[in-house]
Amino acid sequence: EMVLRDWSSDVCSSDLTVRRLPGLSYVYTGTLPFQWGLTVDGDDLVPVMLTDAEGAPPFAGYLPEAVAYQLRPQARAFIVKPRGGLDVLAAVQLGAREVHAVEDNPLVLALALQAAPSGIYADPRVRAFVGEPRAFLQGHAQGYDVVQLSLSRPFRPVMSGAYSLAEDFDLTVEACVEYLEHLGPGGLFVMSRWLQMPPSEDLRALALIVAGLERVGVREPSGHVLAWRGIQTVTFLVKRDPFTPEEVATVRSFTASRRYDLILAPGLKEEEANRFNVQPEATHYRVFSEFLSTPRREAYLSAYPFAVAPPTDEKPFFHHFFRWGQTPAVLRSLGRTWQPFGGSGYFVLVILLLLAMGAAGLLILLPQSLSRGTLPTAQTWPAFLYFALLGLGFLLIEIPLIGRALLVLGQPAYALAAVLFVLLLCSGLGSAFSPHLSWRRALIALIAVALLVTFAQPPLLHVGLGWPFPARLALVVLTLAPLGFFLGVPFPKGMAWLERDAPALIPWAWAVNGSISVVASVLAALLILSLGYGRVLGLGAFMYALALAVSARRGGAKRASERN
C-alpha cells in the first residue's frame, strides 16, 4: 500500500511479515519493530522506523554493531547516512547519550520525519543534519566515542555487477581516515558490509580499513581490527589504539551469545571461526589472516582473483570488482548464470564503446567516400587527427572533473550542472577571444593548466570539503574556470585554419569531432574505473599535446582542398 509519495521517493507499507534488519542475530526471538519501506527512484529500499527508542521492542542488542555501544556506554555517536533511522534508533536504545546523524538526501530525511513525526528523529538525544558526512566531519572537531557507517544500501550480489560503475565517496581510504581522525580517545569505528562468497566486498572493506589505519600512523593494524560474520553480514570494529584483552573478551562473549562467528581477532584459531554459521571452509578467516599477515599486502591484493584494492577519492568505485582475467569465465556463463564479479556492468560499457566506435566510423568515413569517391588521404589526415584529438581530449578532461566535483558538491545533479556550466561558459569566452590568441601558446597553456588541475585540484577540494556549500561551489568554479577558458581556443583555431586553407573539409571536421566525442564519453567512463580521475585527466592533456604536434603539420589540407 503506497502511503506517501514525493517526486523521487516513495514510502510504502506492507503487512507485519516484511522487515529489514541487516545482520540481526537469529537468537533474537522477540517482536520485530514496525517499519515502512523507503525507496529513492524506485531503488535502495531502506526501513523507516516508526517509533522512538522507548516504544520499539528491544531488538537493538541483537544487531551485529551492538557491541560497540556495550564497550562505550553513554556514547556520543556519529552515524553516516542512516536513511530511515534504523541505526539511530539502535544507538539510542543501546544507551547513546547523543547521536549526530548526517543524511545527504534531504528528501529521505523529510519523508522519514513525515512518516514518523514522533519517531526516532524527534528524540532530544538525536540531531539530524542534511549534508555530506565528510563535509560535516571537517566542520566539527569534536571527538566521537562511536562512528558508525550504516549499511543503508540493500544487498547487491557482486556477481551482477550492476552497481560497479557507481561512485561511493563514503567508502574510500580518505573517508576512512576522516572517520578515524574524528574518534575521541578510545573511540570505535564500526562498519558492516554484506557477506559475499568468495570474499570480495568484505575483503575490500578490510583492505580499506587497513589503509586508513596506516594513514593515521598505525604500523601494525592486526591488533586494531576485529571482525565477525553472521548469515548475511560481516561487521568490522576498529580502534586507533590496540584493543585491550578485556575488550577482545567482551567481543568474544558478545559474538558467541549472538551466534556470530569471529573471523578476525587476536589469538583466534581456525576452528573457532566456523562454529555457528557453518560454511564448507573458514574462508573469511583464512583470507583475512593471509592478508593481514603478509608483508606485501598490495601484492596480495594484486594477485587476488578479483579487484579488491581499497578505493580512493581518485578511484571511488567500491563495488567494481572486475578484472580482465575473468573474461573467459564471463563469456562461458553468458545466458546461464549471474555474471561473475562485476563483469556484466563492465562489459555493458565495453559493448557500448564498440557500438559507438562503429557508428562513429560509419558517420565519418561513409560521407567522405560518397562525396569524393575515396577515403581520407594523407593530406586530410592532419585535419582528421586534430579534430578527433580535440573530441577525445575535451571529454577525457570533462568527465573526470564531474566525478571530482561530486565529492565536494554531494549530489550528482549539482556536480554535473556546475562542471558543465563552468566549462561551457568559459570555453565560450575562450572561443570569443581565440582570434587574439596564439594557437601554439594557447595549446601549451591549456596543457599546463590541465596538468595543474590534475595534481593541484584534489588537495584544494579536500581543504574546502568542510566549507559551506556556496564556498564549495565557488571553489569548484575557480579551479575550473581557467581550464575552461583555454579549452575553448583549439576548436575555433582549427576551424579558422580550415576556413583559410580547406573550407571543403569543415563539415567533415565537425562530424569527426562530434562522433569522436561520443566515443570519448564512453571511453572515459571505462578508463576512470581502471585508472582513476587523475590519470584520465592526464591522458586528456596528452591528447591536446598530440593536437599541438598535429597543428604544426597542417599544410597538407590546403593542397587536398585545392585538388577537390
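Before moving on, here are some points about what is shown:
- When only Cα pairs below 8 angstrom with a gap of at least 6 residues are kept, the range 97-149 shows a relative contact order of 45 percent.
- Between L424 and A256, the modelled labels are 6.5 nm apart [label points 7 Å from Cα along Cα→Cβ].
- Pairs of Cα atoms nearer than 8 Å and 6+ residues apart set the relative contact order; for the range 31-187 it is 24 percent.
- Probe 1.4 Å, all protein chains present, accessible-area order of W497, W439, largest first: W439, W497
- Cross-link pairs beyond the 27 Å C-alpha cut-off, checked among K315/K493; K239/K269; K239/K315: K315/K493
- Y69, Y26, ranked by accessible area, largest first (probe 1.4 Å): Y26, Y69
- Here's how it looks for L264: its modeled amide H is under 5 Å from those of A227, which are all 5 or more places away or on a different chain.
- In the context of the full protein assembly, H284 retains an accessible surface of approximately 0 Å², using a probe radius of 1.4 Å and ignoring ligands and nucleic acids.
- A cut-off of 5 Å between modelled amide H atoms, ignoring neighbours fewer than 5 places along the same chain, links Y28 with no other residue.
- Karplus (6.51, -1.76, 1.60) ³J(HN,Hα), θ = phi - 60°, over the range 358-364, in Hz, Gly and Pro reported as x: x, 5, 5, x, 5, 5, 7
- Accessible-area value, D241, 1.4 Å probe, nucleic acids and ligands omitted, Å²: 80
- Here the chain exposes an accessible surface that is 63 percent carbon and sulfur, computed with a 1.4 Å probe and the other protein chains kept in place.
- Phi to ³J(HN,Hα) by Karplus 6.51 cos²θ - 1.76 cosθ + 1.60 over the range 286-297, Hz, x for Gly, Pro: 5, 5, 4, 5, 4, 5, 6, 8, 6, x, 10, 5
- Residue-level accessible surface for E398, protein heavy atoms, 1.4 Å, Å²: 20
- Beta-bridge orientation, the chain: approximately 60 percent antiparallel, per DSSP, counting only bridges with both partners inside.
- The Cα atoms of the range 186-292 give a gyration tensor whose axes a ≥ b ≥ c have a/c of 1.5 or more with a/b no greater than b/c, which makes the shape oblate.
- Two-site FRET efficiency, A299 against L352, from Cβ-Cβ distance with R₀ of 35 Å, rounded to 0.05: 0.55
- Stretching L460 away from N277 to a fully extended chain increases their span by 61.2 nm, per 0.36 nm per residue minus the current alpha-carbon distance.
- Centroid-to-centroid, using Cα positions, the range 180-232 and the range 376-454 are 39 Å apart.
- Given the alternatives [x] 172; [y] 148; [z] 196, volume of the Cα convex hull per residue in Å³ as computed for this entry is given by [x].
- A 1.4 Å probe over all protein chains sorts I263, I399 by accessible area into I399, I263, starting with the largest.
- Backbone geometry of the range 412-428 corresponds, through the Karplus equation with coefficients 6.51, -1.76 and 1.60 at θ = phi - 60°, to 3J(HN,Hα) couplings of x, 4, 5, 5, 4, 5, 5, 5, 5, 4, 5, 5, 6, 5, 6, 5, x Hz, x marking Gly and Pro.
- Computed from the C-beta positions of A471 and V216, the FRET efficiency with R₀ = 30 Å rounds to 0.65.
- Gyration tensor verdict on the range 46-147 (Cα atoms; rounded if a/c is under 1.5, prolate if a/b is larger than b/c, oblate otherwise): oblate
The values are calculated or read from the model by the stated rules, or taken from the named source; none is laboratory data. These numbers were taken from a predicted model, which means no experiment stands behind them. When we count neighbours, we look across all protein chains shown, and the Cβ atoms used for this are built from the backbone with ideal geometry, even at glycine. For accessibility, only protein heavy atoms count, side chains too; no ligands or nucleic acids. Shrake-Rupley method; radii C 1.70, N 1.55, O 1.52, S 1.80 Å.
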